[in-house]
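These notes concern the structure reproduced below.
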Amino acid sequence: MRIVMVGSGYVGLVSGACFADFGHDVVCVDKAAEKIEALNNGIMPIYEPGLDALVASNRSAGRLSFTTDLGPAVAAADVVFIAVGTPSRRGDGHADLSYVYAAAEEIARAIKGFTVVVTKSTVPVGTGDEVERIIRETNPDADFAVVSNPEFLREGAAIDDFKRPDRIVVGVTDDRARGVMTEVYRPLYLNQSPLVFTGRRTSELIKYAANAFLAMKITFINEIADLCERVGADVQDVSRGIGLDGRIGAKFLHAGPGYGGSCFPKDTLALVKTAQDHDSPVRLIETTIAINDNRKRAMGRRVIAALGGDVRGKKIGLLGLTFKPNTDDMRDSPAIAIVQTLKDAGAVVSGYDPEGMDNARQMMDIDFASGPYQVAERAAALVLVTEWNEFRALDLSRLKSTMVSPVFVDLRNVYRAPEVEAHGFTYHAVGKAD
Ligand code: UGA
């Protein structure tokens, strides 16, 4: 199959590289000339484990190329994926679809022969209908079908998620398009990954429902964690105790500082807006968003409380700044709200992140340290914000030796109280009585 990915951001790039690895012929298109030039020189615009090697091997095999020129690529394609951004629209939280619609128009002008146009970007219910209308209006002679095929990739594990998916969802009604999509995913289909064929609107909603459910699951365990602290219970044991029930499932029950990233915050908000517009509010999700927003600042207050309520002029060190490990993504990271809360209270904040420093510099004004031990120097407290592997086996004695007071706030429950306390720290975890 000849595949074009319009948009070479996170989703477009990972999907394009993986499709090429399946043996398809893939062209990734992007308007940003410097990004395409960098990709043509083997430089990735994002940090994603394994992506550079996957891109390099498929480029040298001649199956993957990058261009700014959409027209010729689309004209030769069997399938064109729209994988451009859908940020939250300023002011109202609706998904901003202007990039999707602009891409649809450009694709329409270039289509030659039967072409399947697939929305891979996360788009609200009904967007496929609008894409279809735009293409028909722009090019009335075009022979095409519009399909929805949402992605379920986690940053940091995206290649694995793509190659070993729990399921592939395809919203399609046209039989020819269904045949093409079956061909596109044949390697996974042969591997027994379930292919869920459904209507286009249903497929669009599945994506939002999945992310909203996961965000709600995390928020549920975070509230239970708060309750554990009050009643003297242990949230990790609660997670295990309920997660072993197959109906609940153990995944996404890690209590922490609240969910962040480029997906859950944006998608939950967009779902709420869609539901309100259709007079069918999703109150569980509205509440999930409110609880999660509060939680991020509450984590900052928890650090202040751990230092006796006064942090003015004290140095507080943050281990990890990204919204989760194995990414350089800082979008909606809990670290942002935590830093703000601490600075508002007069603290001097220092931080270190293995991959997110460049992005963090653009989002927060703190002292950036060169490693975990530098973060600890003269700090009154250390806060583990992101569970990077390199923070899992720190030399606790070495950390403590340069701190002014040995307070350790572990917002990801990476450590166990006895081991940290044995080194003379006061240890605070999430969802466990102090
Ligand atoms: C999420 C979904 O997991 C993907 O399936 C989906 O495709 C993607 O959004 C998307 O819509 O593009 P991602 O945002 O990369 O992926 O990250 P997750 O691993 O889901 O983590 C999201 C947030 O939840 C992080 O801040 C993480 O720390 C937090 N989290 C996750 C918890 O606090 N506890 C958990 O148990 C799990």
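Things to note:
- Close contacts from region 41-53, counting a first residue that is more than 16 Å from Phe323 (Cβ to Cβ) and a second that is among the basic types (Lys, Arg) and open to solvent by 40 Å² or more (accessible area, probe 1.4 Å), with Cβ to Cβ under 6 Å and a gap of 6+ residues or different chains, come to Pro45/Lys35.
- Selection count where residues are open to solvent by 50 Å² or more (accessible area, probe 1.4 Å) and among the hydrophobic types (A, V, I, L, M, F, W, C), scope region 23-68: 5
- Residue pairs meeting the criteria (Cβ under 6 Å; at least 6 apart or on separate chains; first of a type in the set (Asp, Glu), in region 94-119; second open to solvent by less than 40 Å² (accessible area, probe 1.4 Å)): Glu105/Ile134; Glu106/Leu70
- Residue check: Pro187 meets all listed conditions (1) away from the ligand (no atom under 16 Å from the Cβ); (2) within 23 Å of the chain's Cα centre (by Cα) but one, namely (2).
- Some residue of region 139-156 being over 24 Å from Ile285 (Cα atoms), touching a residue at least 40 places away in the same chain (Cβ under 8 Å), surrounded by 15 or more Cβ atoms within 10 Å (Cβ to Cβ) and within 16 Å of the ligand (Cβ to nearest atom): yes
- Listed by position, the helices (runs of 4 or more DSSP H) inside region 100-194 whose residues that are of a type in the set (A, V, I, L, M) number at least 3 are 127-138, 175-184.
- Within this structure, Arg412 passes the test of being within 16 Å of the ligand (Cβ to nearest atom), under 24 Å from Arg230 (Cα atoms), in the same structural domain as Asp353 (by TED's automatic domain parsing) and not acidic (Asp, Glu).
- Residue check for Val196: more than 10 Å from the ligand (Cβ to nearest atom), in contact (Cβ under 8 Å) with a residue 12 or more places away in the chain and crowded, with 16+ Cβ neighbours inside 10 Å: no
- The requirement of being on the phi < 0 side of the Ramachandran plot and modelled with pLDDT under 95 is fulfilled somewhere in region 48-61, by at least one residue.
Residue-wise test of (1) within 20 Å of the chain's Cα centre (by Cα); (2) touching a residue at least 60 places away in the same chain (Cβ under 8 Å).
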{"residue": "Ser350", "(1), (2)": "no, no"}
{"residue": "Met357", "(1), (2)": "yes, no"}
{"residue": "Val385", "(1), (2)": "yes, yes"}
{"residue": "Phe391", "(1), (2)": "no, yes"}
{"residue": "Thr402", "(1), (2)": "no, no"}
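- Applying the set (1) of a type in the set (A, V, I, L, M, F, W, C); (2) under 17 Å from Met1 (Cβ atoms); (3) open to solvent by less than 20 Å² (accessible area, probe 1.4 Å) to Phe114 leaves exactly one unmet item: (3).
- Pairing residues of region 263-279 that are open to solvent by 20 Å² or more (accessible area, probe 1.4 Å) with residues that are more than 10 Å from the ligand (Cβ to nearest atom) and hydroxyl-bearing (Ser, Thr, Tyr), at Cβ distances under 7 Å and at least 6 apart in sequence or on separate chains, gives Lys266/Ser88; Leu269/Ser88.
- With a requirement of 3 or more residues that are in the same structural domain as Val100 (by TED's automatic domain parsing), under 22 Å from Tyr185 (Cα atoms) and within 21 Å of the chain's Cα centre (by Cα), the helices (runs of 4 or more DSSP H) lying completely within region 8-81 that satisfy it span 10-21, 51-60.
- Ser239 meets the conditions (1) assigned to a helix (DSSP H, G or I); (2) open to solvent by less than 20 Å² (accessible area, probe 1.4 Å); (3) touching a residue at least 60 places away in the same chain (Cβ under 8 Å); (4) within 10 Å of the ligand (Cβ to nearest atom) in every case but one. The failed one is (3).
- Within region 318-366, the set of residues being more than 10 Å from the ligand (Cβ to nearest atom) and charged (D, E, K, R) comprises Asp328, Lys343, Asp344, Asp353, Glu355, Asp358, Arg361, Asp365.
- Of all residues in region 182-193 being more than 15 Å from Val116 (Cβ to Cβ) and among the polar types (S, T, N, Q), the one that is least open to solvent (accessible area, probe 1.4 Å): Ser193
- Filtering region 199-208 to residues that are within 14 Å of the ligand (Cβ to nearest atom) and either loosely packed, with under 15 Cβ neighbours inside 10 Å or in the same structural domain as Ser121 (by TED's automatic domain parsing) (or both) leaves nothing.
- Residue selected from region 291-317 under the condition closer than 11 Å to Leu342 by Cβ and of a type in the set (A, V, I, L, M, F, W, C), by the criterion nearest to the ligand (Cβ to nearest atom): Met299
- Scanning region 161-181 for residues being in contact (Cβ under 8 Å) with a residue 12 or more places away in the chain and open to solvent by 30 Å² or more (accessible area, probe 1.4 Å) gives a total of 8.
- The listed residues are Gly85, Gly91, and the only one of them that is under 25 Å from the mean Cα position of the chain (by Cα) and away from the ligand (no atom under 16 Å from the Cβ) turns out to be Gly91.
- Residues in region 397-412 that are touching a strand residue (DSSP E or B) at 6+ places or on another chain (Cβ under 8 Å) and either outside any strand (DSSP E or B) or more than 21 Å from Asp310 (Cα to Cα) (or both): Leu399, Met403, Val404, Ser405, Pro406, Leu411, Arg412.
The values are calculated or read from the model by the stated rules, or taken from the named source; none is laboratory data. All figures in this text were calculated on a predicted structure; none of them were measured in a lab. Please note: Cβ atoms are built from the backbone with ideal geometry, for glycine as well, and neighbour counts cover all protein chains shown. Ligands, DNA and RNA are excluded from the accessible area calculation, which covers all protein heavy atoms including side chains. Shrake-Rupley method; radii C 1.70, N 1.55, O 1.52, S 1.80 Å.
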